[in-house]
1. Need at least 1 residues that are surrounded by fewer than 20 Cβ atoms within 10 Å (Cβ to Cβ) and more than 16 Å from the chain's Cα centre (by Cα) per element, so show me which helices (runs of 4 or more DSSP H) inside the stretch 113-192 make the cut, counting only ones lying wholly within it.
2. Within the stretch 91-110, can you find the residues that are under 21 Å from PHE216 (Cβ atoms) and either crowded, with 16+ Cβ neighbours inside 10 Å or among the acidic types (Asp, Glu) (or both)?
3. What number goes with the only condition from (1) in a helix (DSSP H, G or I); (2) aliphatic (A, V, I, L, M); (3) in contact (Cβ under 8 Å) with a residue 12 or more places away in the chain; (4) over 17 Å from MET116 (Cα atoms) that MET36 does not pass?
4. For THR7, are the conditions met, namely being part of a helix (DSSP H, G or I), modelled with pLDDT of 95 or more and of a type outside the set (Asp, Glu)?
5. Looking at (1) farther than 23 Å from GLY237 by Cβ; (2) at pLDDT 95 or above; (3) part of a loop (DSSP other than H, G, I, E, B), which is the only condition TYR85 fails?
6. Can you tell me which residues in the stretch 235-271 are farther than 20 Å from HIS143 by Cβ, free of Cβ contacts under 8 Å to residues at least 12 places away in the same chain, in a helix (DSSP H, G or I) and of a type in the set (Ser, Thr, Tyr)?
7. Kindly indicate the residue of the stretch 228-252 that is in contact with a Ser or Thr (Cβ under 9 Å, 6 or more places away or on another chain) and surrounded by fewer than 16 Cβ atoms within 10 Å (Cβ to Cβ) and also nearest to VAL207 (Cα to Cα) among those meeting that condition.
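The values are calculated or read from the model by the stated rules, or taken from the named source; none is laboratory data. Fair warning: this is a prediction, and the values are worked out from it, not measured in the lab. No Cβ is skipped: glycine too gets one built from the backbone with ideal geometry, and neighbour counts run over all protein chains shown.
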Amino acid sequence: MLGLDYTSIGLNIMDDYSRLSSERRWLISAFGGIIMCKLSYEFTGIVTPFIFKGFSKLNKAQKLEWKNRGFSTFHALFVATASLYFLLISDLFDENAHEELIVFRKSTLSETILGMSSGYFLSDLAMIIWTYPTLGGLEYVLHHGLSMFAIMQSILTGEVEYYIFMVLFTESTTPFVNLRWYFDVAGLKSSKRYLWNGVAMFLGWLVARIVLFGFFFYHLYNHIDQVRHAHMITFYGLQIVPPVLAIMNLLWFFKIAKGMIRTLRKKTHTS
């Protein structure tokens, strides 16, 4: 009976939550995203000394970035998994499953995921600005600012969630980027793990941030008549934000490619 009572209470809470306005759901889910970041940040600081004995010898800035990358990795895995679910498993954006225009499709769950992700970008952006330039330069401020704007605009208008999740899937490359930094700081730059992670990062970036963006623009072009039904800010946002992010991804991709080639040449020369 007690279990049934808890189930009933949980269902009532979910029902009340779904009845809230999009603005209120965003505030609640964004706060949840901030809490998620805080917990994963602290958890990283607690667990790391048991995994990497040299953690205590790192300076203050390195420890800060180590824990910061911990919660960015958690968010990346969380949002990439959610994006895969909505894009490939759920029928929310299946064009054959609903008559509603794809640009207007949304659900309480999808709005919640986007809200939590906006909480992450807000938290990370705040840390970047507060510790500037320790955690990143202007390119990171621009990237996070544009990402947060796009997510909030989608939540508040209830539009183009399909395209937002497509862009959020690019976060799947973040764990490889963070592992690269972890291996470097841990003195494992010459190890095979560093090399293979670099190759995985290159391939992941190629698929998730180059090829996928190509499909993004292809899909957008083929559905431009639907996109024109969205609010003006949404329509022009899609014409500005994704191209800027795509250019940034290309520039970073060239740096990653050059770094991987340089590392492979060193390995070949050493051998």
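1. Qualifying helices (runs of 4 or more DSSP H): 138-157, 174-185.
2. Within the stretch 91-110, ASP91, LEU92, PHE93, ASP94, GLU95, GLU100, ILE102, VAL103, PHE104, ARG105, LYS106, SER110 qualify.
3. All conditions pass for MET36, except number (4).
4. In short, no.
5. (3)
6. Matches in the stretch 235-271: THR268, THR270.
7. It comes out as ILE233.
Rundown of residues vs (1) over 26 Å from ALA257 (Cα atoms); (2) without any contact (Cβ under 8 Å) to a residue 40 or more places away in the chain; (3) touching a Ser or Thr at 6+ places or on another chain (Cβ under 9 Å); (4) among the hydroxyl-bearing types (Ser, Thr, Tyr), yes/no style:
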position: TYR140; (1), (2), (3), (4): no, yes, no, yes
position: SER147; (1), (2), (3), (4): no, no, yes, yes
position: SER172; (1), (2), (3), (4): no, no, yes, yes
position: PRO175; (1), (2), (3), (4): no, no, yes, no
